[in-house]
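Peer 1: This is the structure, below, for whatever I ask next.
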Amino acid sequence: MQIEKYKIEEFNQQGLTDHQRKFEFVSAGLPNIDDVMHKLQAFNITIPSWALGTGGTRFGRFSGGGEPRSLEEKIADVGVIHALNRSSNSISLHIPWDIPENASDIKALAALHGLHFDAVNSNTFQDQSDQKLSYKYGSLHHVDKAVRKQAIEHNIEVIKYGVQLDSKALSVWLSDGSNFPGQLNFRKAFQNTLESLQEIYAALPNDWKMYVEYKCYEPNFYSTTIADWGQSLLYTSKLGPKALTLVDLGHHLPNANIEQIVSLLLMEGKLAGFHFNDSKYGDDDLTVGSINPYQLFLIFNELVEGMDARGMNHAHDLGWMIDASHNVKDPIEDLLQSVQAIKIAYAQALLVDKAALIAAQNANDVTMAQEILQQAYRTDVRPLVAEAGLRAGGALNPIDVYRKLNVRENLIKERGLKTVATGL
Ligand code: PSV
Ligand code: MN
């Protein structure tokens, strides 16, 4: 389903006067408003192909219907999101959940929606029906060289799919680990993984990057071979400049200071980018900003500070992606909320008075440093984000327009209530 531009414009007209009043009020006090607006308009967040269907837990899955049944339909759904927010201009595929049978047709379809392909993701955490050897005891770290070889070949195949789609990065997340003490020799598991990653790294095209994602636990509950940012950084440092550490917000032990991790990875030039989500307990994959929006703001504060220090382009020099699951909400609405939350945190971070913050830090003025951050965080930047969407040709209020156009109802009519399995 494609959303026509004139329909979005019609709805925008209805809320325009009220929006303009709010925008003028907020922007009046901001000396860097033009820069902020420019950056907000340029900022896009990738949608993962596996997030368009309803998620679930091992206890059940409750579909709202109208879910995409094919890669083509997933692209159409991302097209809906992008038409509404003008901030989601790419899609990330997980292989083999989504195999592009005819890459040039798929690219052309994506381009019709103004989309391109971001990182491709390999999957060695599940066995596929046509697979010779099992990943029950791991993949790239496996004690059996033949299993490692199979997993390496899969990653190289994923790169080949990515090349056809003009992707520029391979994202590797390994579930490899152990469930019980004694099951694994940590050193050998590390070395096997490193050697396997080195073979994959050697197959990367020159202009590609390799993202190495870490996760503290699950599905393994005693050890994970790439469990934290330190372990990932060890691999990415040994691999070379094309290898970078990917931060998925839900992959840390409780209360980890993620913003500090982000700051140091950035300082070392080793931050790949993000899988955004939110969580209360573990890898909950909740809507971005739904539980701890202040943490998200603090992360963006470090990003803006650190990227500016390195002269990086905010929009293009890191990978920005959502990795969330939607068990009780409409996936498209949930993704619209996540993108909105990311843009709000980014806008707030752009408002931080950096000179004043540096002065407060140098004077050990702890109270003032906190005040400066909270001044930015407590600014209602929603009119700025709405204005950026409007200027880019999107909706003032994407969820409102999505509902008024009955998009989900139309998708259910078109695709039925039948559900498809999404990768979980
Ligand atoms: C693992 O929990 C993860 O965060 C990885 O990024 C996977 O690719 C994705 O979720 C989907 O399972
Ligand atoms: Mn992830």
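The values are calculated or read from the model by the stated rules, or taken from the named source; none is laboratory data. All values derive from a computational prediction rather than experimental measurement. Quick reminder, even Gly has a Cβ in these numbers, built from the backbone with ideal geometry, and neighbours come from all protein chains shown. Ligands, DNA and RNA are stripped out before the accessible areas are found, and what is left, the full protein with its side chains, is counted by its heavy atoms. Shrake-Rupley method; radii C 1.70, N 1.55, O 1.52, S 1.80 Å.
Peer 1: Loop-only chymotrypsin sites (Phe, Trp or Tyr not before Pro) in the stretch 43-121, please: DSSP not H, G, I, E or B, and at most 15 other Cβ atoms within 10 Å.
Peer 2: Answer in residue order: 59, 62.
Peer 1: Something else now. If you build the convex hull over the alpha carbons only and average its shadow over all orientations, what do you get for the stretch 278-424? Give it in nm² to one decimal.
Peer 2: The Cα convex hull of the stretch 278-424, projected and averaged over all directions, gives 11.4 nm².
Peer 1: Further question on the same structure: Past 32 Å, Cα to Cα, is the threshold; run 136/242; 132/168; 74/404; 160/188; 39/149 against it and keep the listed order.
Peer 2: Those over the limit are 39/149.
Peer 1: Something else now. How much accessible area does residue 10 have with a 1.4 Å probe, in Å² rounded to the nearest 10?
Peer 2: 100
Peer 1: Shifting gears a bit: Taking a probe of 1.4 Å, how large is the accessible area per residue of the stretch 261-387, in Å²?
Peer 2: 41
Peer 1: Lys/Arg Cβ at +1, Asp/Glu Cβ at -1, dipole of the chain taken about the Cα centre: which of 393, 117, 164 is farthest positive-ward?
Peer 2: Comparing the listed Cα positions along the dipole, 164 ranks first.
Peer 1: Under a 5 Å amide H to amide H cut-off, with H placed in plane at 1.01 Å, what residues pair with residue 171 once short-range neighbours are removed?
Peer 2: 120, 121, 122, 211
Peer 1: Also, quick follow-up: Please state the relative contact order of the stretch 5-415 as a whole percent: Cα pairs under 8 Å, 6+ residues apart?
Peer 2: Worked out over the stretch 5-415, it gives 20 percent.
Peer 1: Determine the dipole magnitude for the stretch 5-415: charges of +1 sit on the beta-carbon of Lys and Arg, -1 on that of Asp and Glu, nothing else is charged, the reference point is the Cα centre, and the result goes in debye to the nearest 20.
Peer 2: 440
Peer 1: Count the net charge of all other residues whose Cβ sits under 14 Å from the Cβ of residue 361, scoring Lys and Arg as +1 and Asp and Glu as -1.
Peer 2: -4
Peer 1: Could you put 281, 211 in order of accessible surface area, largest first, with the 1.4 Å probe and the full protein assembly present?
Peer 2: So, going from the largest accessible area down, we get 281, 211.
Peer 1: Please quote Rg/Rh for the stretch 1-85 to two decimal places, taking the Kirkwood radius as Rh and restricting both calculations to Cα atoms.
Peer 2: 1.11
Peer 1: Let me ask something additional. What does the extension gain come out to for residue 202 and residue 364, with contour length at 0.36 nm per residue minus their alpha carbon separation?
Peer 2: Between residue 202 and residue 364, full extension yields 53.6 nm more.
Peer 1: Also, I was wondering about something else. Working with all protein chains in place, sort 58, 187 by solvent-accessible area computed with a 1.4 Å probe, largest first.
Peer 2: 58, 187
Peer 1: Looking at the stretch 5-415 only, what percent of DSSP beta bridges run antiparallel? Nearest 5 please.
Peer 2: Just about 15 percent of them are antiparallel.
Peer 1: Let me ask something additional. If you average the C-alpha positions of the stretch 1-67 and of the stretch 319-357 separately, how far apart do those two centres end up, in angstrom?
Peer 2: Between the Cα centre of the stretch 1-67 and that of the stretch 319-357, the gap is 10 Å.
Peer 1: At a 10 angstrom cut-off on C-beta neighbours, averaged per residue, how do the peptides 25-31, 398-404 rank from highest to lowest?
Peer 2: In descending order of packing, they fall as 398-404, 25-31.
Peer 1: Moving to a separate point now. Along the charge dipole of the chain, pointing to its positive end and built from +1/-1 on Cβ of Lys, Arg, Asp and Glu, which listed residue (355, 129, 75) has its Cα farthest out?
Peer 2: Checking the options against the dipole of the chain, the answer is 129.
Peer 1: Please report, to one decimal in angstroms, the Kirkwood hydrodynamic radius of the stretch 130-242 built from all distinct Cα-Cα pairs.
Peer 2: After inverting the pairwise mean of 1/r, the radius is 14.3 Å.
Peer 1: Oh, and also: Out of the total accessible area of the chain (probe 1.4 Å, heavy atoms of protein only), what percent is carbon and sulfur?
Peer 2: Of all accessible area on the chain, carbon and sulfur atoms account for 52 percent.
Peer 1: Determine the sum of side-chain charges near residue 92: Lys and Arg each +1, Asp and Glu each -1, restricted to other residues whose C-beta is under 11 angstrom from that of residue 92.
Peer 2: -2
Peer 1: Give me the tail of P(r) for the stretch 230-337 as a percent: Cα-Cα pairs with distance above 16 Å.
Peer 2: Summing the P(r) of the stretch 230-337 above 16 Å gives 60 percent of all pairs.
Peer 1: Among 342, 247, 26, whose Cα projects farthest towards the positive end of the dipole of the stretch 5-415, with charges put on the beta-carbon of Lys, Arg (+1) and Asp, Glu (-1)?
Peer 2: Of the listed residues, the answer is 247.
Peer 1: In whole Hz and in residue order, list the ³J(HN,Hα) couplings for the stretch 266-278 that follow from phi through the Karplus curve 6.51 cos²θ - 1.76 cosθ + 1.60, θ = phi - 60°; x for Gly and Pro.
Peer 2: These are the phi-based 3J(HN,Hα) values: 5, 4, 7, x, 10, 8, 7, x, 9, 10, 7, 5, 9 Hz.
Peer 1: Compute from the Cα atoms of the chain the Rg and the Dmax, the latter being the longest Cα-Cα distance, and quote both in angstrom.
Peer 2: 21.7, 67
Peer 1: A follow-up question, please. Find how much the distance from residue 253 to residue 313 grows on full extension, using 0.36 nm per residue of separation minus their present alpha carbon separation; answer in nm with one decimal.
Peer 2: 18.6 nm
Peer 1: May I pose another question? Using a Gaussian network model of the chain with C-alpha springs under 10 Å, which one of 121, 277, 364 is most mobile by mean-square fluctuation?
Peer 2: Of the options given, 364 has the highest mean-square fluctuation.
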